[in-house]
1. Please pick out the residue among VAL100, VAL119, VAL107 that is in a loop (DSSP other than H, G, I, E, B) and within 30 Å of SER18 (Cα to Cα).
2. Just need a number here: residues in segment 61-90 that are in contact (Cβ under 8 Å) with a residue 12 or more places away in the chain and part of a loop (DSSP other than H, G, I, E, B).
3. Considering only segment 59-71, how many residues are within 14 Å of the chain's Cα centre (by Cα) and of a type in the set (Gly, Ala, Ser)?
4. For segment 51-60: of the residues being open to solvent by 90 Å² or more (accessible area, probe 1.4 Å) and outside any helix (DSSP H, G or I), which is nearest to PRO148 (Cα to Cα)?
5. Looking at segment 104-125, which of the residues that are free of Cβ contacts under 8 Å to residues at least 40 places away in the same chain and surrounded by 12 or more Cβ atoms within 10 Å (Cβ to Cβ) is nearest to the chain's Cα centre (by Cα)?
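The values are calculated or read from the model by the stated rules, or taken from the named source; none is laboratory data. Computed from a predicted structure; not experimentally measured. Neighbour counts are summed over all protein chains in view; Cβ atoms, including those assigned to glycine, are modelled from backbone coordinates with ideal geometry. Protein only, heavy atoms only, side chains kept; ligands, DNA and RNA dropped before computing areas. Shrake-Rupley method; radii C 1.70, N 1.55, O 1.52, S 1.80 Å.
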Amino acid sequence: MPGPPYPPHFPPAPVPASRVRRLATPVAVLAVVVGAFGYVGTVDPNEPGHYPLCPLLRFTGIYCPGCGGLRSAHAVAHGDLAAALGSNALAVVGYATFAVLWTLWTVRAARGRPMSLAVRPAVWWGIGAVVLAFSVVRNLPFGSVLAP
């Protein structure tokens, strides 16, 4: 049996993106985060009237997992880690986790390797359990140290 009447067509190999192009998205994300922290660092959430109240806290008196997050970000922007932890310790853990993942993403992008974060469902359930436990404990009398 003779071969095909024409040579097979192979798509052209993709051109590798330049380092600047690979780093554009991580740098843009960092710029947005720095801008947000800069704004919260400038406009103090401890002074009433600048930010809306948490609806859950306003209508029920219950602290949600995010209550105190803006005050925590304000304290981080001013380098006061103790005050940040006192306002919302879970948010500080979130900021640190973001910093680690962003650094990993940026290093991988600079080296031309894609960022892949495969997280098993059990990990997501664990994170949800920690957030739920944090929310419950901070609203109980013995967990008042976690309240903002």
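1. It is VAL119.
2. The number of residues fulfilling the criteria is 8.
3. 2
4. Per the stated criteria, the residue is LEU53.
5. LEU104
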